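Undergrad: Sharing a structure here in structure tokens format.
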Amino acid sequence: MSDAYRSMWAEMGLNLEAHDVLLGVLGNSYKEIYLAQKERPEGMGYFDFVMSEVHGLRIKELLDEKAAGRKIVGAYCVFVPEEIALAANATLVGLCSGADFAVEEVEKLLPRNTCALIKSAFGFKLGKVCPYLESADMIVGENTCDGKKKAYETLGHLVKNLYVMDLPQVKSENGRAVLQAEYFRFKAAVEALTGVTITAESLKTAIQTVNAKRKAIHRLLALRKADPAPISGLDALLANQVFFYDNPARFTASVNKICDELEKRIAEKKGAFPAKTPRILISGCPQAVPNWKLPFIVESSGAVIVGEESCVGERGTRNLTSESGQTVEEMMAAIVERYFQVDCAIFTPNAERLAHIEEMAADYKADGVIHYGLQFCQPYLMESIPVEKALEEKNIPCLRIETDYSMEDAGQLKTRIEAFVEQIKG
Amino acid sequence: MGMRRFAGIDIGSRTIELVVVDGAGQVVQSLKADTGFDPLAEARRLLDGVAYDRIMATGYGRNLFEIAFEAPTVTEIKAHALGARAFFPQALSVLDIGGQDSKVIALFDTGKVKKFEMNDRCAAGTGKFLEIMARTLGYDIAAFGDDTLLAEQETTISSMCTVFAESEVTSLIAKGQSRRSIALGVHASVMRRVAAMIQRVAPEGDIVFTGGVANNGCLRALLSQKLGRGVLCPAQAQFAGALGAALLARETV
Ligand code: SF4
Ligand code: SF4
């Protein structure tokens, strides 16, 4: 690890000792989980590089962008429109919250029965280990689930630059009006931050950039419909995770390159797993970096994951923003339209999500669905019961999992998942 | 050609069971030991002198065994389903209460697993809970169920958590409540927990009850009463998992 990075981290105010621990854990699990996989596409080398430099080169790039006058906006939720940030000369990064950190400190501020994602977001702040968080000029929270809503009140005392976006909970005309008003408020806030006024031209370019990134990931996801699956669920999840961090243009090019390779694989009937391997669709809570626990267990239990109905996955990336608008107003309306379709469980009712799960199960030829719920996540755990019921009525086997980031229950999960795979095989 | 023999070993958290079947799937040997601190050493001891052509492992220690003995494995869900079917070929619902977990399995008519649920995060509704309560009440676990059948009334135990239930029982004893009525309360508490799981997962037909706790007549009676369904206990209830694994070893080529 270069000394230049160390001084960069120190200048950002990271706790170097704690940060070393985090990087150590991250590096090890990446090696054991990712590099140990067989039959990986060569193009994944790009993601190996991204992950090895996730706190290094990418941070340096962001700092260079900052030095050149760009601003960094950090977000915790897929409802924060990247198009608006980009159009105002800001870079949007996802703030990862996929590992436990500084748990004792966190539990001084949050009740124990808070989901692992929220606790992790706090842990990275309190432990001073996340360079994305520290480099962000603006941190966007959003009023989604109760846990996050209330947690942002507390987070507001820990960071100087928290901006909270309100979100509707109902897909009604009033709900749409709330989203529209909030996106205009966000636009004004980002413009004030960067001093750049969004123009029709900059917004159009931003929409095209984000759409290109989405199209590349759509292409990747569509290739997973093949049997044998050309790419593991772990690798596809990683691409979905890096979606939130990487430079958009480079990400797009790299994913497209992997897709070219996967198309060849499919033509040669080659796969990451043998043909007829039981196929699993994961549905539920987001899996943020470096939360690779579930796919690791599933794919070491004789099954392959072929899709993620998740915000780090198809719920987050599906649907493009229409590029047909000519004025800022028209394009803003297109953005509202696109994001208003995200079927997060904080909405009520939320029948679209169930329909999407069923559609994905059919499209990806899944043999079964694993519903992934983080412990204490009320919205998704609540929905998991009707989801299971509806799937079983259609004879789609479903396994509901409730877990967190610790490895304590790994053995028990493995038994359940192996039994589920046996069940699918019949 | 000598007779072919197939073994199944169920390495649970408390006990290890070994079953050997012949080429026709008939049980020719069954053995049992406490798991102790070193499951592999116990397994080796149990296997000493036992002849078999193939072996398959199940239970929470199956992966340890897989590595040490290069043997294939099957989860306890599928193993119990197969074992229960061998005992009762029509079974559609299986309940297994082991030392530290409980599970309910629903089967298709064909015997394949349709759905299952496991409780392994909490001792309530497991053999461990009954054992601790028996000890607190001064019972020998083997006699716990039979004696409780004689209870005339039930003292309700409200705590679900083993630790709280234990102190609740202690204070009920101190208050002079009859031992049998408290014991009935303890059984009813386990029954309610398990019955809810059965109704959710496997709402059809008689229930085949496997695992060591199946020998508890009081629990069987309470369950049958509550659910209005037959609760069947195979003679070798504790060997269901090992039997299922042995039968699978026989099928596997
Ligand atoms: S699950 Fe809901 S709250 Fe969480 S990132 Fe997705 S849209 Fe946002
Ligand atoms: S996982 Fe659930 S509880 Fe946690 S932040 Fe997301 S919606 Fe809220």
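Undergrad: In segment A:36-57, which residue that is in a loop (DSSP other than H, G, I, E, B) and in contact with a helix residue (DSSP H, G or I) (Cβ under 7 Å, 6 or more places away or on another chain) is surrounded by the fewest Cβ atoms within 10 Å (Cβ to Cβ)?
TA: So the first thing to find is which residues in segment A:36-57 are in a loop (DSSP other than H, G, I, E, B), and the list is A:36-43, A:53-56.
Applying the additional criterion that residues be in contact with a helix residue (DSSP H, G or I) (Cβ under 7 Å, 6 or more places away or on another chain) yields A:37, A:40-43, A:55-56.
Numbers: A:Gln37: 16, A:Arg40: 18, A:Pro41: 22, A:Glu42: 9, A:Gly43: 20, A:His55: 22, A:Gly56: 17.
Restricting to residues being in a loop (DSSP other than H, G, I, E, B) and in contact with a helix residue (DSSP H, G or I) (Cβ under 7 Å, 6 or more places away or on another chain), the top hit is A:Glu42.
Undergrad: Give me a count of the residues in segment A:298-329 that are among the aliphatic types (A, V, I, L, M) and surrounded by fewer than 21 Cβ atoms within 10 Å (Cβ to Cβ). Give the derivation first.
TA: First, pick out the residues of segment A:298-329 that are among the aliphatic types (A, V, I, L, M): A:298, A:303-306, A:312, A:320, A:328.
Restricting the remaining residues to those that are surrounded by fewer than 21 Cβ atoms within 10 Å (Cβ to Cβ) gives A:320, A:328.
Summing the residues that are among the aliphatic types (A, V, I, L, M) and surrounded by fewer than 21 Cβ atoms within 10 Å (Cβ to Cβ) in segment A:298-329 gives 2.
Undergrad: Additional query: So how many residues does segment A:361-379 have that are within 14 Å of chain B (Cβ to nearest Cβ), away from ligand 2 (no atom under 12 Å from the Cβ) and assigned to a loop (DSSP other than H, G, I, E, B)?
TA: Selection size over segment A:361-379: 1.
Undergrad: Continuing with the same structure: Of the residues B:Val94, B:Val50, which single one is closer than 21 Å to A:Phe420 by Cβ, out of contact with any Asp or Glu (no Cβ under 7 Å at 6 or more places or on another chain) and among the aliphatic types (A, V, I, L, M)? Full working, then the answer.
TA: Numbers: B:Val50 fails: closer than 21 Å to A:Phe420 by Cβ.
Selected residue: B:Val94, the only one of B:Val94, B:Val50 that is closer than 21 Å to A:Phe420 by Cβ, out of contact with any Asp or Glu (no Cβ under 7 Å at 6 or more places or on another chain) and among the aliphatic types (A, V, I, L, M).
Undergrad: Is it the case that some residue within segment A:120-137 is closer than 30 Å to A:Ala68 by Cα, away from ligand 1 (no atom under 12 Å from the Cβ), buried (at least 21 other Cβ atoms within 10 Å of the Cβ) and of a type in the set (D, E, K, R)?
TA: yes
Undergrad: Confirm whether B:Leu107 is crowded, with 21+ Cβ neighbours inside 10 Å, within 14 Å of chain A (Cβ to nearest Cβ) and modelled with pLDDT of 90 or more.
TA: Working: crowded, with 21+ Cβ neighbours inside 10 Å: yes; within 14 Å of chain A (Cβ to nearest Cβ): yes; modelled with pLDDT of 90 or more: yes.
Spelling it out, B:Leu107 is indeed crowded, with 21+ Cβ neighbours inside 10 Å, within 14 Å of chain A (Cβ to nearest Cβ) and modelled with pLDDT of 90 or more.
Undergrad: Among the numbered criteria (1) assigned to a helix (DSSP H, G or I); (2) more than 20 Å from the chain's Cα centre (by Cα), which single criterion is violated by A:Gly325?
TA: If we test A:Gly325 against (1) assigned to a helix (DSSP H, G or I); (2) more than 20 Å from the chain's Cα centre (by Cα), just (1) comes out false.
Undergrad: Just one of (1) within 13 Å of chain B (Cβ to nearest Cβ); (2) under 30 Å from B:Leu64 (Cβ atoms) trips up A:Ile396, so point out which.
TA: Among (1) within 13 Å of chain B (Cβ to nearest Cβ); (2) under 30 Å from B:Leu64 (Cβ atoms), A:Ile396 violates only (2).
Undergrad: Taking the conditions exactly as written (more than 14 Å from chain B (Cβ to nearest Cβ) and over 28 Å from A:Asn143 (Cα atoms)), does A:Thr321 satisfy them or not?
TA: Working: more than 14 Å from chain B (Cβ to nearest Cβ): yes; over 28 Å from A:Asn143 (Cα atoms): no.
So A:Thr321 fails the test.
Undergrad: Using the structure shown, decide if A:Ser283 is at pLDDT 95 or above and within 16 Å of ligand 1 (Cβ to nearest atom). Walk me through it before giving the result.
TA: Values: at pLDDT 95 or above: yes; within 16 Å of ligand 1 (Cβ to nearest atom): yes.
It is true that A:Ser283 is at pLDDT 95 or above and within 16 Å of ligand 1 (Cβ to nearest atom).
Undergrad: Just give me the residues in segment A:157-192 being of a type in the set (Gly, Ala, Ser) and free of Cβ contacts under 8 Å to residues at least 12 places away in the same chain, in sequence order. Don't jump to the end; show me each part of the working.
TA: Here is the first cut: in segment A:157-192, the residues of a type in the set (Gly, Ala, Ser) are A:172, A:175, A:177, A:181, A:188-189, A:192.
Passing the criteria: A:Ser172, A:Ala177, A:Ala181, A:Ala188, A:Ala192.
Undergrad: Please go through (1) in contact with a strand residue (DSSP E or B) (Cβ under 7 Å, 6 or more places away or on another chain); (2) under 19 Å from A:Gly43 (Cβ atoms) for A:Thr252 and return the number of the only condition it doesn't satisfy.
TA: Only one criterion is unmet by A:Thr252, namely (1).
Undergrad: For segment B:66-104: of the residues being crowded, with 24+ Cβ neighbours inside 10 Å and closer than 13 Å to B:Glu17 by Cβ, which is nearest to the other protein chains (Cβ to nearest Cβ)?
TA: B:Glu76
Undergrad: Quick one: which residue in A:Leu158, A:Leu133 is away from ligand 2 (no atom under 14 Å from the Cβ), among the hydrophobic types (A, V, I, L, M, F, W, C) and not in a helix (DSSP H, G or I)? Break it down into steps so the answer makes sense when it comes.
TA: Numbers: A:Leu133 fails: not in a helix (DSSP H, G or I).
Answer to the check: A:Leu158.
Undergrad: Cβ-Cβ under 7 Å, sequence separation 6+ or interchain: first residue in segment A:330-345 and touching a residue at least 24 places away in the same chain (Cβ under 8 Å), partner acidic (Asp, Glu) and away from ligand 2 (no atom under 16 Å from the Cβ). Which pairs?
TA: Pairs that qualify, where the first residue is touching a residue at least 24 places away in the same chain (Cβ under 8 Å) and the partner is acidic (Asp, Glu) and away from ligand 2 (no atom under 16 Å from the Cβ), are A:Ile335/A:Glu83; A:Asp343/A:Glu352.
Undergrad: How many residues are farther than 23 Å from B:Glu251 by Cα and either within 14 Å of another protein chain (Cβ to nearest Cβ) or part of a helix (DSSP H, G or I) (or both) if we restrict to segment B:31-45?
TA: First, the residues of segment B:31-45 that are farther than 23 Å from B:Glu251 by Cα: B:32-42, B:44-45.
Now drop any that are not either within 14 Å of another protein chain (Cβ to nearest Cβ) or part of a helix (DSSP H, G or I) (or both), which leaves B:39-42, B:44-45.
Count: 6.
Undergrad: Just a yes or no: is a residue in segment B:2-20 among the basic types (Lys, Arg), in a strand (DSSP E or B) and surrounded by fewer than 20 Cβ atoms within 10 Å (Cβ to Cβ)? Quick ask: steps written out before the conclusion?
TA: Step one: filter segment B:2-20 for residues among the basic types (Lys, Arg), giving B:4-5, B:14.
Narrowing further to those that are in a strand (DSSP E or B): B:5.
Retained after the next criterion (residues that are surrounded by fewer than 20 Cβ atoms within 10 Å (Cβ to Cβ)): none.
No, every residue in segment B:2-20 fails to be among the basic types (Lys, Arg), in a strand (DSSP E or B) and surrounded by fewer than 20 Cβ atoms within 10 Å (Cβ to Cβ).
Undergrad: Let me ask another. Please verify whether B:Ala57 is surrounded by fewer than 24 Cβ atoms within 10 Å (Cβ to Cβ), within 17 Å of the chain's Cα centre (by Cα) and assigned to a strand (DSSP E or B), treating the condition exactly as stated. Give the steps one after another, and end with the answer.
TA: On the way: surrounded by fewer than 24 Cβ atoms within 10 Å (Cβ to Cβ): no; within 17 Å of the chain's Cα centre (by Cα): yes; assigned to a strand (DSSP E or B): yes.
Judged against the criteria, B:Ala57 is not a match.
Undergrad: Condition first: β-branched (Val, Ile, Thr) and within 14 Å of another protein chain (Cβ to nearest Cβ). Now tell me which residues in segment B:46-65 satisfy that. Write out each step before concluding.
TA: To start, the set of residues in segment B:46-65 that are β-branched (Val, Ile, Thr) comprises B:50, B:55, B:58.
B:Thr58, the sole residue that qualifies.
Undergrad: Take A:Ala99 and decide whether it is more than 15 Å from ligand 2 (Cβ to nearest atom) and within 19 Å of the chain's Cα centre (by Cα). Please lay out each step first, then the result.
TA: Details: more than 15 Å from ligand 2 (Cβ to nearest atom): no; within 19 Å of the chain's Cα centre (by Cα): yes.
So A:Ala99 does not fit the description; no.
Undergrad: Next question, about the same structure. Here are some residues: A:Glu330, A:Glu388, A:Glu422, A:Glu358. Which one is closer than 30 Å to A:Thr199 by Cα, part of a helix (DSSP H, G or I) and charged (D, E, K, R)? Please lay out each step first, then the result.
TA: Working: A:Glu388 fails: closer than 30 Å to A:Thr199 by Cα; A:Glu422 fails: closer than 30 Å to A:Thr199 by Cα; A:Glu358 fails: closer than 30 Å to A:Thr199 by Cα.
The conditions single out A:Glu330.
The values are calculated or read from the model by the stated rules, or taken from the named source; none is laboratory data. What you see is a predicted model, and the numbers here were worked out from it, not measured in a lab. Here the Cβ is made from the backbone with ideal geometry for all residues, glycine too, and neighbour counts use every protein chain on show.
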